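My questions all concern the structure below.
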Amino acid sequence: MISLPARPVRTHGRRSLWLEQALAGEDPGAQSAVLGESHTDVCIVGGGFTGMWTALELKARAPGTDVTLVEADICGAGASGRNGGFALTWWAHFEHLVALCGPEHALSLAARAEQAVRSIGEFCEQRGIADAFSLDGWVWAATNPAQVGSWEQTVRLLEKLGASPYRPLDHNELVAKTGSTQHLAGLFEPVSASVQPAKLARELARAVREAGVHVHEHSQVRAIEHGRRTAVVLDGGSIQAEQVLLATNAWAAGIPEIGAGLVVVASDVIATAPAPERLTQAGITPGVCISDGRRLVNYYHATAEGRIVFGKGGGTLAYGNRFGASFDHPGRREALIRSQLLRTYPTLWDLPVQASWSGPIDYSLSGLPFFVRLRDAPSVLACAGFSGDGVGPSRLAGELLAQMLAEGGDAGLPAALRTVPQRWLPPEPIRYLGGRIVRAAVARKEHSEDLGQRPRVLDRVLAGMDPTGYEYKPHGRNLPAAGGAAADRAG
Ligand SMILES: Cc1cc2nc3c(=O)[nH]c(=O)nc-3n(C[C@H](O)[C@H](O)[C@H](O)COP(=O)(O)OP(=O)(O)OC[C@H]3O[C@@H](n4cnc5c(N)ncnc54)[C@H](O)[C@@H]3O)c2cc1C
């Protein structure tokens with residue numbers, strides 16, 4: 001029996017701005033919780049992008065398959081409806097990909113992740129929500145001298161292998177793309193998009209239903225029984241299934257086998273009030289996604305309605321990889337994030353913050369998601385570890401998972417992506433306390449760098465111990481990352 005960690009559904013009276021906007025025009029409809037006993041071919045647990053893209057792909061590949069999707073809250077209520085809205089590719093993770101899979105697989109997977117971004121755009125177009133997607137590209141920027149060139153290693157490796165997804169920006173282009181003179185250097189990647197993620201998630205839920213998937217929201221899975229048969233156990237009933245997909249993102253970290261490869265940390269986002277004229281005056285163009293090169297990444301963009309949406313990684317750390325509703329709380333680190341926003345856009349000093357939200361990030365110890373069949377329960381497939389960059393890649397994950405569920409094989413994935421990444425981490429409470437010490441050191445180091453000062457040696461040493469910022473060497477020693485390449489570039 002696999003027990004699932006509780007997924008408390010508490011909204012503190014508010015959801016993310018994205019979700020509030022997306023739900024505003026929606027008929028709340030009847031409650032669709034699971035009641036009683038039923039049977040299905042594939043039961044998908046988790047109504048985020050991963051679960052829903054998989055459901056849709058599975059129905060396209062094998063229309064005769066009976067698919068049921070169960071979600072503890074409403075579809076899109078997890079990270080998918082409350083992220084920063086960056087749909088990025090995997091080129092920034094290219095070093096990880098090569099380390100894990102070798103150059104050939106890395107190139108093919110990164111090209112597929114790029115195609116996944118375009119496919120999201122096609123979906124939005126076909127479903128009449130073209131305004132939820134804009135392919136305006138992504139700037140990988142340096143906002144202090146220490147970050148300049150943090151991408152060099154990745155770019156050199158890409159060049160060596162004949163790939164050139166990025167273009168360096170000169171100063172004028174950088175200012176034009178970002179609307180800020182705070183950016184000292186940067187690369188531009190054209191195939192990246194900003195999305196209204198909750199609008200996408202809610203439309204995806206409709207598409208999944210229309211494809212014939214039985215969708216049950218407000219249905220929290222408590223356990224999965226396995227043995228002669230596999231059954232998904234919920235409060236109101238159970239679903240017997242031939243196969244189960246666990247697509248519960250950071251909530252899967254409470255399952256020891258999966259959690260061994262994950263570190264759960266919150267990411268926090270704020271959104272200003274809309275002020276389109278002010279943004280135009282300041283030379284800020286909507287759409288372009290920007291991330292800086294710090295470990296506690298700042299990620300931001302201007303929306304079409306004239307807001308700045310600004311997020312920051314490296315928030316609250318989960319104790320023992322378990323977390324409650326505190327990760328759903330709005331307003332976390334609002335003052336800190338606003339100070340970063342004003343550092344980037346000082347002329348917006350009087351623009352009020354209208355919304356803030358948070359959510360859990362499933363940092364994988366390899367920096368990339370993994371797709372695993374559970375050791376003692378091969379009928380249960382799990383996917384987690386998007387490491388804060390899941391909006392685009394979950395589209396690709398949906399294809400791969402659907403193939404694995406429909407054909408039973410490994411979808412051509414290299415073994416390293418079908419294994420939970422392992423690295424020794426101390427037991428609790430040392431892990432939690434150590435994590436807090438390391439995170440505080442990273443924050444001090446990055447603050448010194450912002451001030452143009454050399455960080456203290458101790459802070460540099462401690463910052464190098466961040467388990468989510470390591471270069472992954474599957475067959476060797478894991479080393480502190482040389483630059484920003486190991487970090488997530490969004491959430
Ligand atoms: C604040 C924040 C900012 C981010 N910014 C970005 C960004 O800009 N770009 C980017 O690429 N990525 C970003 N991410 C990450 C990205 O949102 C995720 O990687 C992506 O949405 C993954 O989707 P998912 O389906 O795997 O997870 P989720 O959307 O979290 O879906 C998992 C679902 O499982 C459900 N669930 C959990 N337990 C149970 C249970 N027991 N029973 C039933 N259901 C259950 C949850 O309610 C949830 O809806 C961000 C994440 C956060 C939190």
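None of the figures in this text is laboratory data; all of them are computed from the coordinates on show. As the structure is a prediction and not an experimental result, all values here were calculated from the model. Here Cβ is always computed from backbone atoms with ideal geometry, including for glycine, and neighbour counts include all displayed protein chains.
For residue 461 and residue 159, what is the calculated FRET efficiency with R₀ set at 45 Å and r taken between the beta-carbons, to the nearest 0.05?
Computed FRET efficiency for residue 461 and residue 159: 0.90.
At 7 Å along Cα-to-Cβ for each site, give me the label-to-label distance between residue 433 and residue 349 in nm.
4.3
Can you work out ³J(HN,Hα) from phi for every residue in segment 270-286, in order, using Karplus 6.51 cos²θ - 1.76 cosθ + 1.60 and θ = phi - 60°, giving whole Hz and x for Gly and Pro?
Karplus-based 3J(HN,Hα) across segment 270-286 equals 10, 10, 7, 5, x, 8, x, 5, 4, 5, 4, 4, 7, x, 9, 8, x Hz.
Please state the charge dipole magnitude for segment 171-288, taken about the Cα centre, from unit charges on C-beta atoms (+1 on K and R, -1 on D and E), reported in debye and rounded to the nearest 20.
Numbers: 9 positive and 11 negative charges, 33 e Å.
The dipole of segment 171-288 has a size of about 160 debye.
For 38, 134, what's the fewest-to-most ordering of other Cβ within 10 Å of each Cβ?
With the fewest neighbours first, 38, 134 line up as 38, 134.
At 222 nm, what helix-only mean residue ellipticity would the chain give, in deg cm²/dmol to the nearest 500, using -39500 (n - 2.57) for each DSSP H run of four or more? Each step should come with its number before you reach the end.
Values: 13 runs with 148 residues, N = 491.
Taking each H run of at least 4 residues, the total per residue is -9000 deg cm²/dmol.
Then there's this: Among the DSSP beta bridges whose two residues both lie in segment 2-418, what percent are antiparallel, rounded to the nearest 5?
Values: 51 of 74 bridges.
Antiparallel bridges make up about 70 percent of those DSSP assigns within segment 2-418.
While we're looking at this one, here's another question. How many angstrom lie between the Cα centre of segment 427-444 and the Cα centre of segment 117-175?
Comparing the Cα centres of segment 427-444 and segment 117-175, I get a distance of 31 Å.
Among 52, 1, 404, what is the fewest-to-most ranking by other Cβ atoms within 10 Å?
1, 404, 52
Return the long-range amide H neighbours of residue 361 (sequence gap of 5 or more, or a different chain), with a cut-off of under 5 Å between placed amide H atoms.
For residue 361, whose amide H was placed from the backbone, the distant partners under 5 Å are 265, 266, 267.
For segment 234-243, what does the Karplus curve 6.51 cos²θ - 1.76 cosθ + 1.60, with θ = phi - 60°, yield as ³J(HN,Hα) per residue in whole Hz, taken in order and with x for Gly and Pro?
10, 4, x, x, 8, 10, 7, 9, 6, 9
Still on this structure, please answer the following. Among 164, 3, rank each residue by its count of other Cβ atoms within 10 Å, from fewest to most, as a rough exposure measure.
164, 3
Can you list the residues, at least 5 places off or on another chain, whose amide H is less than 5 Å from the amide H of residue 133, using H built in the peptide plane?
Residues meeting the criterion, in which the H sits 1.01 Å from N, are 196.
Moving on to the next point. With the dipole of the chain worked out from charges on the C-beta (+1 for Lys and Arg, -1 for Asp and Glu) around the Cα centre, which of 44, 255, 396 lies farthest toward the positive end?
Towards the positive end, the residue furthest out is 255.
If you filter segment 1-96 for GluC sites (Glu not before Pro), then keep DSSP loop positions with at most 14 other Cβ within 10 Å, what is left?
On the way: sites: 20, 26, 37, 57, 71, 95; in loops: 26, 71.
Here the sparse-neighbourhood loop sites are 26.
Separate question: Hey, with R₀ at 35 Å, roughly what FRET efficiency would residue 339 and residue 122 work out to, going by the Cβ-Cβ distance, to 0.05?
0.35
Take residue 225 and residue 60, extend 7 Å from each Cα along the Cα→Cβ direction, and tell me the distance between the two endpoints in nm.
Label-label distance for residue 225 and residue 60, simple model: 3.6 nm.
Another question, then. When the label point is put 7 Å from the Cα of residue 277 along its Cα-to-beta-carbon vector, which residues of segment 295-318 have a backbone N closer than 13 Å?
No residues fall inside that zone.
Output the direction-averaged projected area (hull surface divided by four) of the convex hull of the alpha-carbon atoms of segment 2-418, in nm².
18.7
A further question on this structure: Would you work out which of 128, 96, 289 lies farthest towards the positive end of the dipole of the chain? Charges go on Cβ: Lys and Arg +1, Asp and Glu -1.
Positive-end residue among those listed: 96.
Another question, if that's okay. Using +1 at the Cβ of each Lys and Arg and -1 at the Cβ of each Asp and Glu in the chain, identify which of 276, 420, 215 lies farthest towards the dipole's positive end.
420
I've got another one for you. Treating the beta-carbon of each Lys and Arg as +1 and of each Asp and Glu as -1, no other charges, what is the dipole magnitude of the chain about its Cα centre, to the nearest 20 debye?
Once rounded to the nearest 20, the dipole reads 1320 debye.
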